[in-house]
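Input: a single structure, listed below in structure tokens.
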Amino acid sequence: MSTADSPTSTTPEIATASEGFARVTALLAELGHPHVPRWLGVPARTSQEAADALGILVGQVAKSVIFKRKADDAAVLVVASGDRRVDEKKVAALVGPIGRADAAFVKLRTGFSIGGVSPVGHAEKLVTLIDDQLFRFTEVWAAAGHPNGVFMLSPQQLEALTGAPVADVVQA
């Protein structure tokens with residue numbers, strides 16, 4: 001079964017059940033993104049859970065990791081390949097010293113709960129970086145505002161949608 005035919009669905013009831021999922025769905029439609037977000041039958045809070053639910057490689061999961069920049073408390077989003085670990089020193093070299101972000105900070109700054117942070121549709125403008133390792137794949141899947149919500153895109157579409165620079169931000 002291809003990922004395009006995976007057993008997921010989006011219904012009006014699901015879209016209204018999650019404000020974050022509805023917001024991402026509406027934004028992607030407004031931007032003309034060709035792939036409608038899908039609602040998984042199971043939550044996918046980790047890259048492995050998402051890969052298992054979609055029948056894809058873990059590296060094809062575009063996970064969103066949020067940090068807090070120490071200088072100004074800005075939220076820093078790193079969209080990284082699910083099979084890689086973000087290298088905080090590499091990120092800090094690009095954006096300034098960073099620290100961990102707690103669940104309340106993530107929710108306040110992005111509008112999403114951890115496990116469902118989308119790379120688009122945030123509550124406020126974020127400092128964003130895209131992991132260059134995502135470009136190993138022709139298609140990747142990102143969270144769509146809820147742990148059960150995902151959407152497909154190419155790394156090039158991710159770059160265009162976010163306007164974020166692509167960089168080496170993961171551990172070797």
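Expressed as a whole percent, the accessible area of the range 79-172 that falls on carbon and sulfur atoms is 53 (1.4 Å probe). So what's the Cα pair-distance distribution over the range 60-131, bin width 5 Å, in %? All Cα pairs, binned at 5 Å, distribute as 4, 18, 31, 26, 18, 3, 0 percent. Relative contact order for the chain: what percent, with Cα pairs under 8 Å and sequence separation of 6 or more? It comes to 26 percent, rounded to a whole number. Cross-link candidates for K70: which aspartates and glutamates have Cα within less than 14 Å, leaving aside residues fewer than 8 places away along the same chain? Within the straight-line limit of under 14 Å, K70 reaches these aspartates and glutamates: E88, D102.
Label positions at R100 and A71, each projected 7 Å from the Cα along the C-beta direction, are separated by 2.4 nm.
For the range 80-170, the equivalent ellipsoid derived from the alpha-carbon gyration tensor has semi-axes of 19, 18, 12 Å in decreasing order. The mean sequence separation of alpha-carbon pairs under 8 Å and at least six residues apart, normalised by the residue count of the range 98-172, gives a relative contact order of 30 percent. Rolling a 1.4 Å probe across all protein chains gives I114 an accessible area of roughly 100 Å². Simple spin-label estimate for D52 and T138 gives 2.8 nm between the two label positions (7 Å along the Cα-to-Cβ direction from each Cα).
Ranking R109, R136, R85 by solvent-accessible area of protein heavy atoms (1.4 Å probe, all protein chains present), from largest to smallest, gives R85, R136, R109.
Here the chain is described by how far its Cα atoms reach on the three principal axes: 43, 31, 27 Å, from widest to narrowest. Per residue, the chain exposes an accessible area of 47 Å² to a 1.4 Å probe, with every protein chain left in place.
The values are calculated or read from the model by the stated rules, or taken from the named source; none is laboratory data. Owing to the predicted nature of the structure, the values given are computational and were not obtained by experimental measurement. Note: ideal-geometry Cβ built from the backbone for every residue, glycine included; neighbour counts use all protein chains shown. Keep in mind that these areas ignore ligands, DNA and RNA; they rest on the heavy atoms of the full protein, side chains included. Shrake-Rupley method; radii C 1.70, N 1.55, O 1.52, S 1.80 Å.
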